[in-house]
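Each remark here refers to the structure printed beneath this line.
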Amino acid sequence: MLTFGDLEKLPQKDLTHDFTCLEGWTVPAVKWRGVALQTLLLLAEPQPEARYVQASAGEFSIALQLESAGHVLLATYLGDASVPPEHGGPVRLIVPGGDCFMNIKWLDHLELCREPGPNTAKTIALGRLPAPEDHGS
């Protein structure tokens, strides 16, 4: 188990990416810094049968294919300061190019798996969106 202090001692990576919400708004050029998920995977030395990493925070969970996890970041900094709690700190998963719900706030658990676990983050996020209005009535 790695602590926040352990993450800060690992090689750091900077990432700038636009954050687009399913609600239709975008925050351009958000600057993050943290540890590449690939760095953690190298430390973990996954068994050959591991194909996914399940990333979770409480009831929010997504599965990422290991082969595509190279661009994912465990962000500990937003701009020049620690990621504040309201933005998912102390550790937030950042998946550039992924849907907004994939950028899991308050990340607390990573698990290597053979098969993908449930994508509860998508279900929860879509359930929070307002229902589309029926324009045909």
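Rule-based calculations on the coordinates, nothing more; no lab input. In this text, all values refer to a predicted model and were calculated from it rather than measured experimentally. Because the Cβ atoms are built from the backbone with ideal geometry, glycine has one as well, and the counts that use them run over all protein chains shown.
Loop only per DSSP, at most 14 neighbouring Cβ atoms within 10 Å: give me the chymotrypsin sites (Phe, Trp or Tyr not before Pro) in the range 1-87, ordered by residue number. Walk me through the numbers before you get to the answer.
Values: sites: 4, 19, 25, 32, 52, 60, 77; in loops: 25.
Qualifying residues, ordered by number: 25.
Taking Cβ atoms as reference points and 14 Å as the exclusive limit, the residues near residue 66 contribute a net charge of -3, counting Lys and Arg as +1 and Asp and Glu as -1.
Which of the GluC sites (Glu not before Pro) found in the range 48-77 are loop residues per DSSP with 16 or fewer other Cβ atoms within 10 Å of their Cβ? Kindly include the intermediate steps, with their values, before the conclusion.
Numbers: sites: 49, 59, 67; in loops: 49, 59.
Here the GluC sites (Glu not before Pro) that fit, given the DSSP loop and packing criteria, are 49, 59.
About the Cα centre of the chain, what is the dipole size in debye to 20, counting +1 per Lys and Arg Cβ and -1 per Asp and Glu Cβ, all else neutral?
Details: 10 positive and 17 negative charges, 47 e Å.
My answer is approximately 220 debye.
Sorted fewest first by neighbouring Cβ atoms within 10 angstrom, 94, 124 come out as 124, 94.
Rounded to whole numbers, the Karplus 3J(HN,Hα) couplings from phi for the range 31-44 are 9, 10, 9, x, 10, 5, 4, 4, 4, 5, 5, 5, 5, 6 Hz, using 6.51 cos²θ - 1.76 cosθ + 1.60 with θ = phi - 60°, and x at Gly and Pro. Principal axis extents of the C-alpha atoms in the range 4-128 (largest first, rounded to whole Å): 40, 36, 22.
Using the Cβ of residue 16 as centre and a radius below 12 Å, the other residues enclosed give a net charge of +1, where K and R count +1 and D and E count -1. Near residue 31, within a Cβ-to-Cβ distance under 9 Å, what is the net charge of the other residues, with Lys and Arg +1 and Asp and Glu -1? Result for the local shell: -1.
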